[in-house]
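Chemist: My questions all concern the structure below.
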Amino acid sequence: AERGFAKSEATHLFARVAATSPLPIGKLRAELIPDSSWKRARKTLGPQASQTAARLSHILAIAARIWGNEKEATEWLNAPHAELEGATPISMLRTEAGGRAIEALLAALEFGFPV
């Protein structure tokens, strides 16, 4: 993320996550990276958008490891969760603090702690 996340890679990442989302890819992406930042970026996303894309990529990798496949991982990311007061895990990834909360929730799920 420090050197910038490639916009093409981010597009592919959002397409993978949107495959199990009720939202179209553009709307899903806009929930995490504002349209203004997305449109302003040429080949590489800016620092904030790059961090958000990297956070999503990291969380998706952890979730896919836990569930054993990306489809179930993206379904979990897109579904409301009781521990998040009905918010979806993906919606929490807008901020670093939200990403850490999702990472902690995934760790609890992975190691069998009550959630």
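The values are calculated or read from the model by the stated rules, or taken from the named source; none is laboratory data. Values in this document were obtained by computation on a predicted structure and should not be read as measured data. Calculation scope for accessible area: heavy atoms of the full protein, side chains included, ligands and nucleic acids excluded. Shrake-Rupley method; radii C 1.70, N 1.55, O 1.52, S 1.80 Å.
Chemist: For segment 28-115, report the accessible area per residue in Å² (1.4 Å probe, heavy atoms, rounded to an integer).
Modeler: Normalised by residue count, the accessible surface of segment 28-115 is 55 Å².
Chemist: Any idea what log10 I(q)/I(0) is at q = 0.15 Å⁻¹ for the chain, Debye with uniform C-alpha scatterers and no solvent?
Modeler: -0.61
Chemist: Calculate how steeply helix 47-67 sits against the longest principal axis of the alpha-carbon atoms of the chain, using the helix alpha-carbon long axis, and give the answer as 0 to 90 degrees to the nearest 10.
Modeler: Rounded to the nearest ten degrees, it is 30.
Chemist: Okay, moving on. Between A107 and L84, what length in nm is gained on full extension when 0.36 nm per residue of separation is reduced by their alpha carbon distance?
Modeler: Between A107 and L84, full extension yields 6.8 nm more.
Chemist: Would you tell me the accessible area of R65, worked out with a 1.4 angstrom probe on the heavy atoms of the protein chains, in Å² to the nearest 10?
Modeler: So the heavy atoms of R65 present about 140 Å² to solvent.
Chemist: When all protein chains stay in place, what accessible area (Å², nearest 10, 1.4 Å probe) is found for T95?
Modeler: 70
Chemist: Please give every one of the lysines within straight-line cross-link reach of K39, meaning a C-alpha to C-alpha distance under 27 Å, and leave out same-chain neighbours fewer than 8 residues apart.
Modeler: By straight Cα distance, K39 reaches K7, K27.
Chemist: Take the Cα atoms of segment 6-65, find their three principal axes, and give me the spread along each one in whole Å, biggest first.
Modeler: 32, 22, 16
Chemist: At 0.36 nm per residue, minus the direct Cα-Cα distance, what do A15 and R100 gain on full extension? Give it in nm, one decimal, please.
Modeler: Answer, rounded to one decimal: 28.3 nm.
Chemist: Of all accessible surface on the chain at a 1.4 Å probe, what whole percent is carbon and sulfur?
Modeler: 54
Chemist: Over the chain, what relative contact order in percent results from Cα pairs under 8 Å that are six or more residues apart?
Modeler: Once normalised by length, the contact order is 25 percent.
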